[in-house]
Amino acid sequence: MEKAKISASQLFILMILFQLSNSLLIPLAINAGRDSWLAIIIAMIVSIFLFSVYQALYQYYPALLPTDYMEKLIGKVFGRTLAFLYILFFLFSAARVLREFGVMLLSLAFPETPLFVMSALLILVVVYTVYKGIEVVARTGELLFVVMGLLGLFLLLLIAISGLIDISNLKPFLEEPSKVIKTAFTETLYVPFGEIIVFTMIFPYLNQARKLKKTAIFAIGTTGVILALTMALNISVLGLALTERALFPLLSTIQSIEVGEFLERVDVIFVLILVIGGFFKVSVYVYGAVIGTASLFNIKEPSRLAYPLGMVVLLLSMIVANNYPQHLQEGLKVFPLYAQLPFQVIIPVLLLIIAFFKNKKT
Amino acid sequence: MKILGISLFMFILLAGISLGFDLLQGFNLSTILKTFNPLYVMELPELTVLCLLILILILRPVFSFLQKRQEKKR
Amino acid sequence: MNFKWIISCFMIICLTLLSGCWSSKELTDLGIISAYALDKNEDGEYVGTFQIINPMNVPGSLQGGASGQRPAVTTFTETGVNPTELSNRASRKISRDLYYSHTSLLVISEELARDEGLSAILDSMERALEFRATAKVVITRGIKAGDFIKVLTGIDQIPAENVLKTLDSTEKLYGENINTNLQEFIQSLTSTGKEPLVSGFSLLGDMEKGKTMEQLHSTDFDAILEANGLAVFKEGKLVNWLDGEKARGTMWGLNRIHETPVSIDWENHKKAIAYRVIRQKTDVSAQMKDGKPAISITIRAEGDLRTVAVPVDVTDPHVLLAIEKALGQEIKKEVEAAVQEAKENKTDVFGFGEKLHQSEPDVWKKLEQEWQDVSFPELDVDITVEAFIRRTGVRNNPYLFDLEKKSD
């Protein structure tokens, strides 16, 4: 662990930026159809319980990283193996996010630029930030949060003024309740809400431990509302069919903005949001992996790990899928079931049970 | 050196995991082995960037290794 | 004292000599040639046409007021028994010294290339210091080279510039034409293991109207210069034209494709799926197989899906895999056709001979003499094509897919 502290408000901002980043852009919970916003809200509420699990674990060992307390909970061999698996999970997630952002930038703005070069540029910025440590990540977050907030408000205003919103597109309400529940529990719970598991690596840096619960729940709530609002907005502007077909519904929404024949083609805002969000998500994941590896392998300067692990993420992001549809399918069908479900839900719950009994005895 | 070793080990494991996910998606092995194909079609500038990045990766451990050896000699 | 005087004299002499005004030419005395065309007339003499830039009339120059009223270039025609004589004889008509350093386009007519070959002309081009080796070569198709450079063009007002840019952009975006410069041309002309390829250009419309300023005053030009096919040379003479798919197949084999559309049929829909290649890599290697030379071509292309006019689920990676296979087949078909054509013409435009020379120098020595006529047509060529779809644009499924789902 490095000697650094972040404040509650910085954590709040980091959590919001982290969760919003790519979820804001993709058709989140679209399998729930018109009620995708509802699926998001449900997933958000469930994820607050999930967070309580992480938080309870943190309360047992407030000064330790998860990779350290796993060792205490289930023994040296198992604990270390599990911690290592978690690091791999973080790296893999980082690679997936990086790939997503690389492809998004390519399809939107730079079709002829090689993916590798684009990803390399993105990861180099991430590596530099992670090299500088969590405090820098947090402070960058504060800075960019303002930018993103203003852009978001601006967009909302523009969409509202252009009179694109057609609430009737959201009706009928609750056409297929089973689908909503299914989507909430099989997709949306894991991305983006379950992904806060990586923040367990950052909780120990918080300078006011008691504010954690309030801050995090507030952050999750805010994210959930923003995301639900965004999806509802997308569907009400584009209609369900177009939202389903769009790879980036928010982009299509932004592209339909026309205000007074001069405020058009504001797509560039989308690219800005995309880069800011992607940068934070990859940074936090890589930071989690770096700090975990450092504590697991006893490396005195964690910052020295930033570059090598960044390169691992870069190369992995290239080979993680042959093409973008395959990448998406993997993210919808395989990855949640075999990686996110165990790492985000099952293992933390099991660990909490073990921790509960272990601490009861003494 | 240790850091490089760890990173390489992780990369190999992760590449294996990525292959595993492809298998779970229902592709057969021969198609999966093409999974490295995003790295096949590389133009000169791309290759330059790749080589440069790897060079930086190796340079630092090598330097610190050489420094240590010099100190030992003293 | 004496010594000082000598030094001073020496310095003064140096000053006058070193400033180098010996063969000075003033800018106002130069006729800058932008394109040079060569034909042959009935008497067997060369006919050269010079396209000379009118500095006053080029848009963007300081005295831009004159532009738009007079053409940006003027052409002169002269005959001569060889290019050197021709060039100097032209001074009878042109008020300025011919200045070849900015000649960026060499135009040769089809008849000249077919009947006589280019060896004699190219020597004088290569020998002259002023003529740049980077000048591009094109062959006119169905029109005299001299007439070709008389046609006025619109967007780029200097016709030579227009032709060059067209050639550049069509090679980059479509891939049926090749950008050959003089140096490359001579290199492959002299190589026994490779034959040169040069782009053809033809004229659409009425040549006579194309020469006048009226042409520039309408939106729909009467005469348009169009890149058209690839000219294949053998022993310095034009022997064949490659068009359409064969031309593009050849470009694939030469690793000269940058961006190009590939369309395939899908489920009884003709050419329903279009794929745009963004980058590709072609590896050609030569090896010995059972004592015979064999060539293997490996093409790997990556790109996007651009048109999906059939109801097909492109979010399914398995479907994409099938499309990738079909695309690979389509590209392979093109390359095979091109190789077949080259074999029939006994012209090794792909440079397989050079590859063999590099990897098997001993075998090459034996085959070199009769490579084009005997060994090349019997060559075993193995083509592997892999096309990778990287993205599907900013939509996932085509709306036709949704329509189909609804009708089910």
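Brief remarks on what is shown
- Spacing of the two label points (7 Å from each Cα toward its C-beta) at C:R96 and C:E226, in nm: 3.4
- One chain, two ends: C:E126 and C:D29. Fully extended at 0.36 nm per residue, the span grows by 32.5 nm beyond their Cα-Cα distance.
- Proximal lysines to A:K211, defined as alpha-carbon separation beneath 21 angstrom and excluding residues fewer than eight positions away on the same chain: A:K3, A:K5
- For the residue pairs C:K136/C:K246; C:K136/C:K237; C:K237/C:K271; B:K2/B:K68, the C-alpha atoms sit more than 26 angstrom apart in C:K237/C:K271.
- Rg/Rg_ref, chain C, where Rg_ref = 2.2 N^0.38 Å and atoms are Cα: 1.23
- Peptide C:380-388, shielding by other chains (average Cβ, 10 Å cutoff): 1
- Summing +1 for each Lys or Arg and -1 for each Asp or Glu among the other residues whose beta-carbon sits under 12 angstrom from that of A:A94 gives +1.
- D_trans [Stokes-Einstein, Kirkwood Rh over alpha-carbon pairs] for chain B, 10 °C, 1.306 mPa s, µm² s⁻¹: 104
- Exposed trypsin sites (Lys or Arg not before Pro) absent: longest stretch of chain A, with sites in DSSP loops and at most 11 other Cβ within 10 Å deemed exposed: A:4-264
- Exercise: per-residue mean of other protein chain Cβ atoms within 10 Å, A:106-114: 4
- With 0.36 nm allotted per residue and the present C-alpha distance subtracted, the A:S168-A:K182 stretch has 2.6 nm of extension available.
- Cα-Cα over 31 Å, subset of A:K182/A:K214; C:K234/C:K270; C:K165/C:K366; A:K179/C:K270; A:K76/B:K72: C:K234/C:K270; C:K165/C:K366; A:K179/C:K270; A:K76/B:K72
- Each part reduced to its alpha carbon centroid, region A:99-128 and region C:218-292 end up 30 Å apart.
- Mean Kyte hydropathy of 0.5 or more with a Cα span along the axis of at least 15 Å, helices from DSSP in chain C: C:2-18
- Mean partner shielding of peptide A:84-94, defined as the number of other chain Cβ atoms within 10 Å of each residue Cβ, is 2.
- For region A:337-350, backbone phi angles converted through the Karplus equation (6.51, -1.76, 1.60; θ = phi - 60°) give residue-by-residue couplings of 6, 9, 10, 6, 4, x, 6, 9, 10, 5, 5, x, 5, 4 Hz, Gly and Pro being listed as x.
- Normalising the Debye intensity of region C:243-408 to I(0), with uniform scatterers on Cα atoms only, and taking log10 at q = 0.11 Å⁻¹ returns -0.53.
- Exposure rank, largest accessible area first [C:V310, A:V53, A:V136; 1.4 Å]: A:V136, A:V53, C:V310
- Under 14 Å, Cβ to Cβ, from C:R248 - net charge with Lys/Arg +1 and Asp/Glu -1: -3
- The Cα center of region A:293-328 and the Cα center of region A:165-197 differ in position by 31 Å.
- Potential lengthening of the chain between A:Q208 and A:L240 amounts to 7.1 nm, from the contour at 0.36 nm per residue minus the alpha-carbon distance.
- Point-to-point label distance, A:K5-C:E208, nm (Cα→Cβ direction, 7 Å offset): 9.3
- Extending 7 Å from the Cα toward the beta-carbon at both C:T84 and C:A294 defines two label points whose distance is 5.2 nm.
- Estimated FRET transfer efficiency (B:L4, C:E336; beta-carbon r; R0 35 Å; 0.05): 0.15
- From the Kirkwood radius over Cα pairs of chain A, Stokes-Einstein at 20 °C and 1.002 mPa s returns a whole-number translational diffusion coefficient of 103 µm²/s.
- Hydrodynamic analysis of the protein assembly as shown uses the Kirkwood radius over alpha carbon pairs. Inserted into Stokes-Einstein at 37 °C and 0.692 mPa s, it gives a translational diffusion coefficient of 103 µm²/s.
The values are calculated or read from the model by the stated rules, or taken from the named source; none is laboratory data. All of these numbers come straight from a predicted model, not from anything done at the bench. Heads up, the Cβs are rebuilt from the backbone with ideal geometry, glycines too, and the neighbour counts pull from every protein chain shown. Side chains are part of the model used for accessible areas, which takes the heavy atoms of the whole protein and leaves out ligands, DNA and RNA. Shrake-Rupley method; radii C 1.70, N 1.55, O 1.52, S 1.80 Å.
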